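Visitor: Below you'll find the structure I mean.
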Amino acid sequence: MSTQTLEPAPESTSSSARRRLSARATSSDRFIYFLAAPVLFVLLLFVVVPMGQTMLASVDGGAADNYASFLDGASGEALLLSVGTSLASVLSCGLVGTVLAILLARFDFPGRRVLEVVAVLPMALPPLIGAVSFVLLYSETGIVPRALAEWFGLSPADTAVTGVAGVLLVHTFTMYPFFYLSVSAGLAGLDPSLEAAAANLGAGRARVWRTVILPMLTPALVSGALLTFMISMASFTAPQLYNVPTLTMQIVSTRTSGNEGLAAAQATVLSLVSIVFLVSMRWYQGRRVHRSLSKGSQLDRTVTRGPARIAALVGSALLTVVLMAPILVIVLVSLSVDASWTTQVLPERYTFDNFTGIFTDPGSLLPISVSVQMSLLATGVAIVIGAIAAWVVARWKRLGGTVLDIMVMLPWALPGTVIGVNLITAFNEPQPGNLGLTLVGTLWILPAAYFVRYVPLIFRSTGAALDQISPSLEEAARNLGAGPVRVLRTVTFPLVARGVLAGALLAFIDGVGEYVASVVIYPAGLAPMSVEIYNRIYSSQFGSAAAYGTLQIVLILVVLIVSNRLKAGRRDSSGAALTAAPAS
């Protein structure tokens, strides 16, 4: 029997291995820098520099004058109104979305499955169409006040929803899915043994909810609150239709009057408020971490019986009608004859001419062509920049990755009006900061704005897919001799393609329905579809405006279904719930 002594590796061999590892790490770093450079350049050109120039414009000619005017004039009141409306929207959306999620997740009652489907229908409404549908339903000239006046003799002025109440109603209906979806996902991932353990230790039902369930739902609630507040602060269509002078309205009004310095100051303050709220909510979410150590499972739903079952049936039926009413009224009005619906409860004359006119009249088809082409172009650029940025952030474990992450997500904290003002300020005339590009007055400014607004969707969707892939797969491919480009093409991209496509679909439909930035920057004679809808409503052409809206809704529903199938993966599509990331 012989023994073999393992000699330590020669020093030269060990040093050589370290050098090879160092060289490999350096090569990886160089590839990350190579991909990060163009992404940083594009983000600097379209996000950081325009925002910086708006801040400089706000102090041009005297910072004290612009910001003193802001504090002493109507702008300060508009800011308080925007913040108050946004906080109230967070409370109302949180209440409706959370209660609905709990009811559908923990109770079984007649109509539950139907209610699960219609609960996400508000996500199929573009922001402008959603606000218009509520005006058609609940304003003084809307269907509901007119019906109450005809049936019960009530004055429409007494039953109509107007002003701030109208804005809150629109926000609640269109934004509660942010809470509903996140809380539903949180409840699905909750470990039921935690509740059972608390109950076995003597805690009552209320205490279990207060000390176990609600803390575990904190990330879901923070996510819903953040999205709701940011979108409420950026809201423009609902305040415009209900004539509520929020800060977004003030920015457009001030810029239209020619006071660009004050408009820049208003945009800067609105941006800072949104960013402060974003940072505050992330800080609050990070200071308390509640995680389950086991996989969650669906609890058996409590079956309602007796009178409660009948009440649940009636309640779910009424709620289904209320949730479907905005979409149904848009479809109904799209079949009405323009200018024929005046004082009646419902339109009395119907036609398909609104749809045939859109597809046969080149002038009517132009807004659809502009929206679709500009959104496609913006989505294509956003796919490249967003996907590369997600990979760089995932692999760049240094300060640079964090900086890039903030730069990509910064537009998500900016209202669409502010993004429009930023781009106008930055690309109004040739200058070194914009490389001599003049986009104002051209179609190119529309895809630029859509790209800035929606690249975070593709970035986050791709990042979520990358988080599920172990970097060791890429390392294995590189150890087998594949170059970094080949690894991305043959290993990484096929694995994240589903996430990239899901984010791209959402970015595309949001671009097609975008209104807030478009109304500020669109070139004369080339209005996108959302602006054309508003123009036709302003001209009392409700039928053709609703026809455009119906086409948008159909497009969004198709994309949401495709996106849901992508997320469902190999699961049975018939049992998958219709879910989607926030659109705007």
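The values are calculated or read from the model by the stated rules, or taken from the named source; none is laboratory data. Just so we're clear, the structure is a prediction, and the values are computed from it rather than from any experiment. No Cβ is skipped: glycine too gets one built from the backbone with ideal geometry, and neighbour counts run over all protein chains shown. Side chains included, ligands, DNA and RNA excluded: accessible areas come from the protein's heavy atoms. Shrake-Rupley method; radii C 1.70, N 1.55, O 1.52, S 1.80 Å.
Visitor: May I ask you to give the solvent-accessible area per residue for the chain, in square angstrom, as obtained with a 1.4 angstrom probe?
Guide: Ligands and nucleic acids excluded, the figure is 47 Å² per residue.
Visitor: P(r) for the range 66-141: what percent of alpha-carbon pairs falls in each 5 Å bin, starting at zero?
Guide: Histogramming the range 66-141 at 5 Å steps yields 3, 12, 11, 15, 17, 14, 11, 7, 4, 3, 2, 1 percent.
Visitor: With a 10 Å radius around each residue's Cβ, average the other Cβ atoms per peptide and rank 406-412, 364-370, highest first. Don't skip to the end; give the middle numbers.
Guide: Values: 406-412: 19.1, 364-370: 17.4.
Put in order of decreasing packing, that is 406-412, 364-370.
Visitor: List every residue whose amide H lies under 5 Å from the amide H of residue 336, counting only residues 5 or more places away in sequence or on a different chain, with H placed 1.01 Å from N in the peptide plane.
Guide: Here the answer is 351, since their amide H atoms fall under 5 Å of that of residue 336.
Visitor: Over the Cα atoms of the range 384-510, what is the Rg over Rh ratio if Rh follows Kirkwood?
Guide: Checking Rg against Rh, the ratio lands at 1.06.
Visitor: Against the 2.2 N^0.38 Å scaling, with N counting residues, where does the range 467-548 land? I'd like the Cα-based Rg ratio to two decimal places. Spell out each step's value before the answer.
Guide: Values: Rg = 22.1 Å, N = 82, 2.2 N^0.38 = 11.7 Å.
Normalised Rg, Cα atoms only: 1.89.
Visitor: Same structure again: Among 335-346, 233-244, how do they line up by average Cβ neighbours within 10 Å per residue, starting with the highest?
Guide: Details: 335-346: 14.8, 233-244: 22.9.
Most protected by this proxy first, the peptides run 233-244, 335-346.
Visitor: May I pose another question? Could you give the angle, 0 to 90 degrees to the nearest 10, between helix 529-538's Cα long axis and the longest principal axis of the Cα atoms of the chain?
Guide: So the helix axis and the longest Cα principal axis differ by about 20 degrees.
Visitor: In whole Hz and in residue order, list the ³J(HN,Hα) couplings for the range 272-279 that follow from phi through the Karplus curve 6.51 cos²θ - 1.76 cosθ + 1.60, θ = phi - 60°; x for Gly and Pro.
Guide: In residue order, the calculated couplings are 5, 4, 5, 5, 4, 5, 4, 5 Hz.
Visitor: Same structure, new question: How big is the chain by the Kirkwood estimate over distinct Cα pairs, in Å?
Guide: 26.3
Visitor: Now for a different question. Could you pull the Rg and Dmax for the range 320-365, using just the Cα atoms, both in Å?
Guide: Reported Rg and Dmax, both Å: 12.6, 38.
Visitor: Karplus couplings for the range 174-180 from phi (6.51 cos²θ - 1.76 cosθ + 1.60, θ = phi - 60°), rounded to Hz, Gly and Pro as x?
Guide: Working through the residues one at a time gives 8, 10, 4, x, 4, 6, 4 Hz.
Visitor: Then there is this: Which residues' amide hydrogens lie under 5 Å from the amide hydrogen of residue 107, considering only partners 5 or more residues apart or on another chain, with H built in the peptide plane?
Guide: 302
Visitor: May I pose another question? What are the ³J(HN,Hα) values, in whole Hz, obtained from phi via the Karplus relation 6.51 cos²θ - 1.76 cosθ + 1.60 with θ = phi - 60°, for each residue of the range 240-247 in sequence order, with x given for Gly and Pro?
Guide: Going residue by residue, I get 5, 6, 9, 6, 10, x, 7, 5 Hz, with x marking Gly and Pro.
Visitor: Only four residue types carry charge here, +1 at the Cβ of Lys and Arg and -1 at the Cβ of Asp and Glu. Report the dipole size of the chain about the Cα centre in Debye, rounded to the nearest 20.
Guide: Dipole about the Cα centre, nearest 20: 2340 debye.
Visitor: Taking the chain as the reference, fit the longest principal axis to its C-alpha atoms, fit the long axis of helix 542-568 to the helix C-alpha atoms, and give the angle between the two in degrees, 0 to 90, nearest 10.
Guide: Once rounded, the angle reads 30 degrees.
Visitor: Sort the following peptides by mean Cβ neighbour count (other Cβ atoms within 10 Å, averaged over residues), highest first: 221-230, 82-91.
Guide: 221-230, 82-91
Visitor: Then there is this: List the pair-distance distribution P(r) of the range 453-495, using every Cα-Cα distance, as the percent of pairs falling in each 10 Å bin from 0 up to the bin containing the longest distance, rounded to whole percents.
Guide: Result returned by the calculation: 27, 46, 23, 5, 0.
Visitor: Quick one: helix 74-106 against the long Cα principal axis of the chain, what's the angle to the nearest 10°, folded into 0 to 90?
Guide: So the inclination is approximately 80 degrees.
Visitor: How large, in percent, is the carbon and sulfur part of the accessible surface of the chain at a probe radius of 1.4 Å?
Guide: Details: 17910 of 27720 Å².
Using a 1.4 Å probe with all protein chains present, the chain comes out at 65 percent carbon and sulfur.
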